[in-house]
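Following: one structure in structure tokens, then a few remarks.
The values are calculated or read from the model by the stated rules, or taken from the named source; none is laboratory data. Because the structure is predicted, anything quoted here is derived from the model rather than measured. With ideal geometry, Cβ positions are generated from the backbone for all residues, glycine too; neighbour counts draw on all protein chains shown.
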Amino acid sequence: MRRKLTYFFSFVLALGWIGNVFASEDPSLVIYYDFEGFGNSLFVLDKSGKGHDATVIDDVKGIGGAGVRNSEACQVTGDGSHLDLDGPNFPTEDIPTTAMTLAYWVNPEDTGGTQTVFSALAAPHSWCHGGYIRNNQYHAHIGDIDNKYIINAYEGTVEYGAWHHMALTWELVPGEYGGGAMYIDGELVAEYGNDFVEALPGVKAADNWGGGVRIGRDVDDSWQFNGQIDEFCLFKRALSATEVIKLMQGISSPIAFNPNPADGSIITDTWANLSWNPGDKAVSHDVYFSDHFNDVNEGIGEAFRGNQAMMYFVVGFPGFPYPDGLVPGTTYYWRIDEVNEADPNSPWRGDIWSFSVAPRKAYNPEPADGAEFVNPVVSLIWTAGFGAKLHTVYLGNDYDDVDNAMGGTPQGPTIYTPAHPLDPEKVYYWRVDEFDSSDTYKGDVWSFTTLGAVGNPSPTNGAVDVKMTTTLGWTASDSAASHEVYFGMDKEAVRNADLASLEYKGSKALGAESYDPGKLAWYMTYYWRVDEVDSLGNTTKGPLWSFTTADFLSVDDFEEYTDDEITGEAIWQSWIDGFGVPENGAQAGYLMPPYAEQMIVHSGLQSLPLRYENAPDAATYSEATLTLDYPRDWTESGVNALVIWFRGRLDNDAQPLYVSVANSGSAPVMAVHNDANVAQNGSWMKWVIQLQTLADQGLDLADVDTITIGLGTKDTMTTSGGSGTVYFDDIALY
């Protein structure tokens, strides 16, 4: 998801500096450099309370009055200059591995290349935590111990010689990708799912900085930063959107913040003492608490618990809400609205926070449920269920056997190591039952595959928003000679299917690892399985995978283009541009591979870069046209809007943006964006075009042949010309 980026730092600059109280009061803060009193010292003091002072290397100093609020800022000048944070000796407990916020103000000089603001390298060699100026964008990443990206973010357009605030937040979600977001000048500009992800879902960030950690220069002595840095912070939790704004402003705010229990946390008691930091104008607090999100969001039912002056609230205890105790496995929601009847802006609605009571069943398995290519020498780890004293582990190759198993041997530790290495190329299922001295709680059945097994399903396991015309693909196991494919909408039927079942879709030869299921249903979950048959005829049952089709029709998400122009898969071979057409100044894709844009994307891994070159007496417009195979019927499933995601660049020339759509053999109909300067917007924008407006111009929505995207003068539009590049992604019908 992307939202329009609005810079409002000038407002913040107008505010007086009174200290970043928000940052200094947060116990999850592990590094905080405000650079006040730095001057020409040999060290920068860490004011987080953790004692991580930084050592000055070469030309780094404090400049009084240069900071974002007329405070002192850190000036980095010249090759080799940086702050060293002694990575090899940095305490492991202070390194963010499951949640993080990296935030700072930055005023960079234009060096013409990549610049490092923050760089951390895990041993033996993994770029795990970092913030950069790269490709004239704000770049930040998080990596695992195997040097694979968990989050890899490129957003915004850097303005050199000016202060801007960058914040990257991330929180591990077991078994899922992403969990991150980027904010520029306090504005949410991106949320990340599987964008540029290389690491497995739910993996932790690297847990050491043994390779070094620096501010101002990369650990490998490259990518020198030149400019100023202020208010550098690193937290071991993901700040909320409201908290990011508080951090950026460094001043008090009327909104309650810093909830305890932390937002999204899991507690291990059946009662809680809720507390928070008050907004600066609060005299009293309206408290909302419930196990129903909507009740707290709308302030209905019993969610409103009253107004009070105290900044704590007890739940799950006799005489308080939920007197019989909070329920294990339940999520609770709460909100604090700040009240000051003397202020006409009161009350100030707070964020909705949540926490969960640990379930009675075991949870948070390692390997994660659905993990692939696990080393056969493995230990199984989990988090104990609420109140659990003993744990019984079941492990095997058959789902039903593991699901129905009984009579195992209980153990105390929450780790189980098989007596012998597991077999390669296998699917393993495991379950942990929890005993709390009185009752046994049967666990969920988790699964993983060992090295060499069938894997890498496409769509990925659990994928959503999948095209209804998708083709399934996978990677063969090491010993496979052929594949048996199973597919359907019934989970258990696919799991248990054999060669006589309706779900069996046939055999595929080695080297033909794909299956076309035909057109799929709208917004439906499908299950599939691939069994591997070796050269001796032995069959190894594969894991159960799933995906859910989209509740929209994808016109083009740009993910299927490659650099193989021989087979016609290059992006410019589908999006026909102005090559050989004098009046059309468009170039779709790049001249050299990779032809698609692979860094500036709205979602997925690729987008369409469209270069426009318009000038009087030359090309008056620049456009590229896609001829549709599917979807041609723009009335299917009741869709009524065409949605196009796009982003320009600040250095683009202003040109009108338009889209035209045509039936075969008919004149196109057109929609023009209402902002004539939109090509100069440097963040992703969502353009919604109602299909009825196209039908009113004569388009037959039931048989659309082409869609064209362009910039410049065409038909009745007038402009003086100009050039630039606009990126397009996720064109769909809703």
Quick check: anything in the range 703-712 aliphatic (A, V, I, L, M) and farther than 15 Å from Asn614 by Cβ?
yes
Which numbered condition in (1) surrounded by 19 or more Cβ atoms within 10 Å (Cβ to Cβ); (2) in the same structural domain as Thr469 (by TED's automatic domain parsing); (3) assigned to a loop (DSSP other than H, G, I, E, B) is the only one that Ser535 fails?
(1)
Test each condition in (1) crowded, with 20+ Cβ neighbours inside 10 Å; (2) of a type outside the set (Val, Ile, Thr); (3) at pLDDT 95 or above; (4) not in a strand (DSSP E or B) for Asp633 and report the one that comes out false.
(1)
Kindly indicate whether Ala671 is part of a strand (DSSP E or B), modelled with pLDDT of 95 or more and farther than 17 Å from Leu701 by Cα.
no
Enumerate the pairs (first residue in the range 43-67 and assigned by TED's automatic domain parsing to the domain that holds Trp163 and without any contact (Cβ under 8 Å) to a residue 40 or more places away in the chain; second residue anywhere and of a type in the set (Phe, Trp, Tyr) and assigned to a loop (DSSP other than H, G, I, E, B)) with beta-carbon separation below 6 Å, excluding pairs fewer than 6 apart on the same chain, so at least 6 apart or on different chains.
Val44/Phe38; Gly62/Phe35; Gly62/Phe38
Give the residue that is modelled with the lowest pLDDT, with candidates limited to residues of the range 173-216 that are under 14 Å from the mean Cα position of the chain (by Cα) and acidic (Asp, Glu).
Asp195
For the range 152-161, indicate whether the set of residues that are out of contact with any strand residue (DSSP E or B) (no Cβ under 6 Å at 6 or more places or on another chain) and surrounded by fewer than 19 Cβ atoms within 10 Å (Cβ to Cβ) is non-empty.
yes
Given the criteria in contact with a strand residue (DSSP E or B) (Cβ under 8 Å, 6 or more places away or on another chain) and closer than 17 Å to Ile709 by Cα, does Val639 qualify?
no
(1) in contact with a Ser or Thr (Cβ under 8 Å, 6 or more places away or on another chain); (2) within 30 Å of Gln137 (Cα to Cα); (3) surrounded by fewer than 16 Cβ atoms within 10 Å (Cβ to Cβ) all hold for Gly585 apart from (3)
Filter result for Gly682 (part of a loop (DSSP other than H, G, I, E, B), closer than 20 Å to Ile576 by Cα and modelled with pLDDT under 95)
no
When both residues are 6+ apart or on different chains and their Cβ atoms are under 6 Å apart, which pairs have a first residue that lies in the range 663-688 and is closer than 21 Å to Val601 by Cα, and a second that is surrounded by fewer than 18 Cβ atoms within 10 Å (Cβ to Cβ) and modelled with pLDDT of 95 or more?
Val688/Ala641; Val688/Val643
When (1) closer than 24 Å to Glu155 by Cβ; (2) touching a strand residue (DSSP E or B) at 6+ places or on another chain (Cβ under 9 Å); (3) touching a residue at least 40 places away in the same chain (Cβ under 8 Å) are applied to Leu605, the one that fails is (2)
Check Tyr595, Tyr561 and return the single one that is closer than 30 Å to Gly488 by Cα and assigned to a loop (DSSP other than H, G, I, E, B).
Tyr561
Residue identified as small (Gly, Ala, Ser), farther than 26 Å from Ala521 by Cα and within 32 Å of the chain's Cα centre (by Cα) among Ala662, Ala654
Ala654
Being surrounded by fewer than 19 Cβ atoms within 10 Å (Cβ to Cβ), more than 19 Å from Ala732 (Cβ to Cβ) and not polar (S, T, N, Q) narrows Met489, Met524 down to just Met489
When residues of the range 101-125 are limited to those that are crowded, with 21+ Cβ neighbours inside 10 Å and among the polar types (S, T, N, Q), the one nearest to Gly250 (Cα to Cα)
Thr101
For Val494, state whether it is over 33 Å from the mean Cα position of the chain (by Cα) and either surrounded by 14 or more Cβ atoms within 10 Å (Cβ to Cβ) or of a type in the set (A, V, I, L, M, F, W, C) (or both).
no
In the range 549-578, which residue that is polar (S, T, N, Q) and within 23 Å of the chain's Cα centre (by Cα) is farthest from Val643 (Cα to Cα)?
Thr549
With criteria (1) in a loop (DSSP other than H, G, I, E, B); (2) within 30 Å of Tyr394 (Cα to Cα); (3) in contact with a strand residue (DSSP E or B) (Cβ under 7 Å, 6 or more places away or on another chain), Phe320 comes up short on (2)
Looking at Val581, is it outside any loop (DSSP other than H, G, I, E, B) and either at pLDDT below 95 or aliphatic (A, V, I, L, M) (or both)?
no
Sole residue being of a type in the set (A, V, I, L, M, F, W, C), in a strand (DSSP E or B) and surrounded by fewer than 19 Cβ atoms within 10 Å (Cβ to Cβ), chosen from Ile229, Ile266
Ile266
Applying the selection to the range 74-99, what residues are crowded, with 20+ Cβ neighbours inside 10 Å and under 20 Å from Asp218 (Cα atoms)?
Cys74, Gln75, Val76, His82, Leu83, Leu85, Gly87, Phe90, Ile95, Pro96
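Okay, residues lined up against (1) in a loop (DSSP other than H, G, I, E, B); (2) touching a Phe, Trp or Tyr at 6+ places or on another chain (Cβ under 9 Å):
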{"site": "His391", "(1), (2)": "no, yes"}
{"site": "Gly408", "(1), (2)": "yes, yes"}
{"site": "Ala419", "(1), (2)": "yes, no"}
{"site": "Val432", "(1), (2)": "no, yes"}
{"site": "Gly443", "(1), (2)": "yes, yes"}
Tell me, yes or no, whether the range 649-657 has at least one residue that is modelled with pLDDT of 95 or more, part of a strand (DSSP E or B) and either outside the structural domain of Val189 (by TED's automatic domain parsing) or not aliphatic (A, V, I, L, M) (or both).
yes
Please find, within the range 415-427, the residue that is nearest to Thr268 (Cα to Cα) out of those that are in contact with a strand residue (DSSP E or B) (Cβ under 7 Å, 6 or more places away or on another chain) and in contact (Cβ under 8 Å) with a residue 40 or more places away in the chain.
Pro418
Output the residue which, of all residues in the range 593-629 that are among the aliphatic types (A, V, I, L, M), modelled with pLDDT of 90 or more and surrounded by fewer than 22 Cβ atoms within 10 Å (Cβ to Cβ), is nearest to Ala671 (Cα to Cα).
Leu626
For Leu733, the lone unmet condition from (1) modelled with pLDDT of 95 or more; (2) surrounded by 21 or more Cβ atoms within 10 Å (Cβ to Cβ); (3) over 26 Å from the mean Cα position of the chain (by Cα); (4) of a type outside the set (Lys, Arg) is (3)
